[in-house]
Amino acid sequence: MKFTGMTMAAALVAAGAAGAEEVHVYNWSDYIDEELLTKFEEETGIDLIYDVFDSNEILETKLLAGGSGYDVVVPSGTFLSRQIQAGAFQKLDKSKLPNIENMWDAIEERTEKYDPGNEYSVNYMWGSTGIGVNINKVKEVLGDDAPVNSLALLFDPANMEKLASCGVHMLDAPTEVIPAALTYLGEESDAQDYETIEKVEPVLTAIAPYVLKFHSSEYINALANGDICVAFGWSGDILQARDRAAEADNGVEIEYHIPKEGALMWFDQMAIPVDAPNTDAAHKFINFIMDANNAAAASNYVYYANGNMASQALLNEDVIGDTAIYPDEETVNNLYTTTTWDPKVNRNVTRLWTKIKSGT
Ligand code: N2P
């Protein structure tokens, strides 16, 4: 009798736990239409706890420490690749991801570079890193010929000295700013040896005093409000700033430019940590995002391209028709990818980055 009673109590606890099935998702900020989060909960009955970050380094620190409690995380390819090697993820159970047939082979081929066989991840969004400008202010400061589509806007101190008067933000992301500075110098954007990489030091040291802030998410509102005139940032974020300004009807006109010298093409990948508490719900979330309608809704909202072929017919014309989001062949040819630096180079870069930002 007593024994049965205990079993019943255990069964009640189990039923309670099942009723409160949950999933913890850790994604980039400004990266989803929140209506999709509600829709997921309504469709699945799963409690969704959604947290955001704005830097791969922050995600990586949590992930490698273990016990993050997250079920789905979204690192960029270069970080994902070394995190896979460090054993941070579990292989996806593709039998639980029927919507995987919607994915786009051209993107899967590219993400294989970071996740061979795409065993651990599926693409959420991809995009480029480039230049956001408040076009009227920049022209006021630098004249009508302001090089808004050139890395010289950011890395020539003569330009930056003037732009400092209307405000410049730069991503706090050494893995993206350094390849851009290398490209500006005519060096290999994906240089792996530290001797080449450290050539960016004088360039970045010269412009750092003119950077109002190294930050990876505040620039969206700062651009939209007219508080800054230039941001080196992510494509969709800058396009979101453009829309926020248009909605506010505040006279601020924002443009996104892919630098003519070349720009980074990155891939943000959904993956399940090896110690995720809710792997079943994690697969349900990833499968939900891979639904064509949901992927299209996400891209229509955040102005990033996704890796979902089936979603393309459902995209708004200002998304699928914009080469800054879905680049044509000519634009793609101007984009580069990067690979992970080895741990020693990475440590040197971290030190260099801190030094540049602190201006010492
Ligand atoms: C979303 C930025 C994600 C792009 N705000 C960086 N991988």
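Coordinate-derived values only; no laboratory data. This structure is a prediction, so every number in the text was calculated from the model and none was measured. A quick note on method: Cβ atoms are made from the backbone with ideal geometry, for glycine too, and the neighbour counts reach across all protein chains shown.
The simple Förster model, with R0 at 30 Å and r as the Cβ-Cβ distance, assigns Lys94 and Asp156 a FRET efficiency of 0.05. Given their separation in residues at 0.36 nm each and the Cα-Cα distance between them, Asp190 and Glu329 gain 47.9 nm when the chain is fully extended.
For the set Lys113/Lys213; Lys62/Lys344; Lys284/Lys344; Lys39/Lys96; Lys39/Lys260; Lys91/Lys357, the pairs lying more than 29 angstrom apart at their alpha carbons are Lys113/Lys213; Lys284/Lys344; Lys39/Lys260; Lys91/Lys357.
With a simple spin-label model that places each label point 7 Å from the Cα along the Cα-to-Cβ direction, the separation between Ala86 and Ala65 comes to 1.2 nm. Rounded to 0.05, the FRET efficiency of the Ile58 and Thr38 pair, given R0 = 25 Å and the Cβ-Cβ distance, is 0.45. Per-residue Karplus couplings for segment 26-37, computed as 6.51 cos²θ - 1.76 cosθ + 1.60 with θ equal to phi - 60°, are listed in order as 10, 10, 5, 6, 6, 9, 7, 7, 5, 4, 5, 5 Hz, Gly and Pro entered as x. Under a Gaussian network description of the chain, with springs only between Cα atoms under 10 Å, the residue in Ile207, Ile32, Ile49 that fluctuates furthest is Ile49. Averaging the Cα positions of each part gives two centres, and for segment 157-215 and segment 50-101 these lie 28 Å apart.
Its relative contact order, with pairs defined as Cα atoms under 8 Å and 6+ residues apart, puts the chain at 26 percent. Along segment 267-284 the Karplus relation, 6.51 cos²θ - 1.76 cosθ + 1.60 evaluated at θ = phi - 60°, assigns HN-Hα couplings of 9, 9, 10, 7, 8, 10, x, 4, 9, 4, x, 10, 5, 5, 5, 4, 4, 5 Hz to successive residues, with x for each Gly and Pro. Here the extension length gained between Asp145 and Glu247 equals 33.9 nm, from 0.36 nm per residue of separation less the Cα-Cα distance. Helical content of the chain, expressed as a calculated mean residue ellipticity at 222 nm, amounts to -13000 deg cm²/dmol (DSSP H runs of 4 or more residues, -39,500 (n - 2.57) each, divided by residue number, nearest 500). Across the chain, counting alpha-carbon atoms alone, Rg and Dmax equal 21.8, 87 Å. The spread of Cα positions in segment 55-182, taken along each principal axis and listed from longest to shortest, comes to 57, 33, 24 Å. Where the alpha-carbon atoms of segment 240-360 are placed on the principal axes, they occupy 47, 47, 33 Å, in descending order. Remark: the Asn316-Lys213 segment gains 33.7 nm on full extension, using 0.36 nm per residue and subtracting the alpha carbon distance.
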